[in-house]
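Report on one structure; see the data block that follows.
Derivation of every value follows stated rules applied to the coordinates shown; laboratory data play no part. This is a predicted model, so every value here is computed, not measured. Backbone-built Cβ (ideal geometry, glycine too); neighbour counts: all protein chains shown.
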Amino acid sequence: MGALAALDWIVIGLYFLVIAGLAWWVIRQPTDTTTDYFLAGRHLGWLIVGASIFSSNIGSEHLVGLAGSGATDGVAMAHYELHAWCLLVLGWIMVPFYLRSKVFTMPEFLEKRFSPLARALLSGISLVAYVLTKIAVGIFAGGIVFSVLLPDINFMGLDSFWIGSILVIVFTGAYTVLGGLRAVAYTEALQTLVLVFGSFLVLIYGLDAIGGWNRLVEIAGDEMFNLWKPLVPEGMESTWAPVMEENRMAWYFNSNYPWLGMLFAAPIVGLWYWTTDQYIVQRALGAENVQQARRGSIAAAFLKLLPVFIFIIPGIITFALAQSGEFAALQQVLIDENGEVITQNAQAAFPMLVTHVLPVGIRGIVVAGLLAALMSSLAGVFNASSTLFTMDFYKKLRPESSEERLVWMGRIATIIMVIIGLLWIPVIQGSRGLYDYLQGVQSYLAPPIFVVFFLGVFSKRLNKEGCLAALGIGFAMGIFRLAVDTPLALIDGFSYAEGSFLWVISNIFFQYYSLVIFLTCVVVMIGVSYMTKAPDYQKISGLTFGTLTDKDKSDSRASYNWRDIFLSVLLVVLIILIYFFFS
């Protein structure tokens, strides 16, 4: 096995026909106004909101990066997936403020809360973040999948990696550019079904191939299934304490994910991503009302627990099959002569499992699920990028532009972002691993955004001067670290002189550096705000807890019932149970 059979291609072809048909039906709906194009007319129900949030998130970085981390590090990265509780924060705390303000974008909310300059700065940060993470990572993952499924294809000097990347972009970009958020949301809802069903098939057939759960644990080892062991190895101090090496101070990192970073830094990234990132929140902004947006967030939170089982566990299964020697092809690709996992090759763990374990026909369904994940994540970021550029930059420069002109500019912006993302792929190819790369970049860019949103909502006293200072300093610190890290990823054999300032910066574990940025931004925002004039509380009415009116409070109470509360508590209980299971 390993090659796709005719039946597989028929299944994949049917999938594309269904997606194309659904996209065409949605595209035929009117999208002449910016509300229609960028926010689906604000008519999305909770099921579409929840499925769309999940499908946008569960994309390329998961089917390639998360499964790859399962093959190399076991369930260690499940900590990030168990941040599903962050979606409860979105639904219960942030959504009422967003929908009350009637904004199109997250930077637009910052403008209403602080100042127009804060909006422009966050829009710029967000667009940079999308290029460095979501767009380039999505394109890269598409190439990985195609290089495994169709390794021998070559066209005009391009191998299967680049051909696959370009094909995914063209098809996804077509319906995103034409149909806007409505096309993205409805196709993502269907893609969620295909992705989850296909991934469960991989889990079932994979467990059968290895001989069941007990056999999997026996071959892979207990440590691969322990969420705590990778965080606190023997000699706990080695995971967080500064140590002296030849009289030089350095932060020691031994490829484990330290508990201090996971406990404090990872939630910062999670809350930034799930509650303030345009890419995710735009689906909630397209909801009919606060109740539908909140219930969509709760639904997405439950779906978010699935990747632990449908991506990480299949990654571990791939490692176990290779380690056992029962699949020579897997062993040859994944395991080196010393019996260690080849990290770079592990990025292809999920598609390799698909091609070597699944029977004909079933394989086609799962490949369709892989393509669904690739396209849904790219479609979401294309739409978010075009919204940010058009509403936060172009409309500001050309306020007299017609609605039709703004929609067309959004389409052009999408195309430009794709080209930039293609140019960034070599940096990802040089990194330690796709998911590691993603978490590293997000950890550098997330803290200042998290700080200004959450402190801004919880404290009415904080002002525009504090916001701008925190954003500017935090973003500068993040870009500086990226600039230091990039040559290490791009240039083979490159290194900084041991003990030099740049060497120390590059050796600070990314989560610790993220914490430094976070603490700096908190101090700067509070300090600068209290040293300058208080904001006009009338202008920020309804945008902070301290400026809510009685009507705002009563409307919020009327938007939920006991079922919403029960499901939210149930989600938290499930997360705790998963932690106990993998301990």
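A few notes on this one:
- Cα-projected label distance for Glu400 with Val572, points at 7 Å along beta-carbon direction, nm: 5.5
- Packing, as the average of other Cβ atoms within 10 Å across residues, places the peptides 331-337, 297-303, 517-523 in the order 297-303, 517-523, 331-337, highest first.
- Phi to ³J(HN,Hα) by Karplus 6.51 cos²θ - 1.76 cosθ + 1.60 over segment 193-206, Hz, x for Gly, Pro: 4, 5, 5, 5, 4, x, 5, 5, 5, 4, 4, 5, 5, x
- A full extension of the chain between Asn214 and Asp550 corresponds to an added length of 115.2 nm, given 0.36 nm per residue minus the alpha carbon distance.
- Protection proxy ranking of 403-409, 569-575, 451-457, 497-503 - average other beta-carbon atoms within 10 Å, highest first: 451-457, 403-409, 569-575, 497-503
- Entries of Lys134/Lys304; Lys460/Lys553; Lys112/Lys134; Lys112/Lys551; Lys102/Lys539; Lys304/Lys464 with Cα pairs more than 23 Å apart: Lys112/Lys134; Lys304/Lys464
- Relative packing of peptides 348-355, 263-270, 378-385 - highest average C-beta neighbours within 10 Å first: 378-385, 348-355, 263-270
- Note on segment 64-136: Cα Rg divided by 2.2 N^0.38 Å, N the number of residues, gives 1.48.
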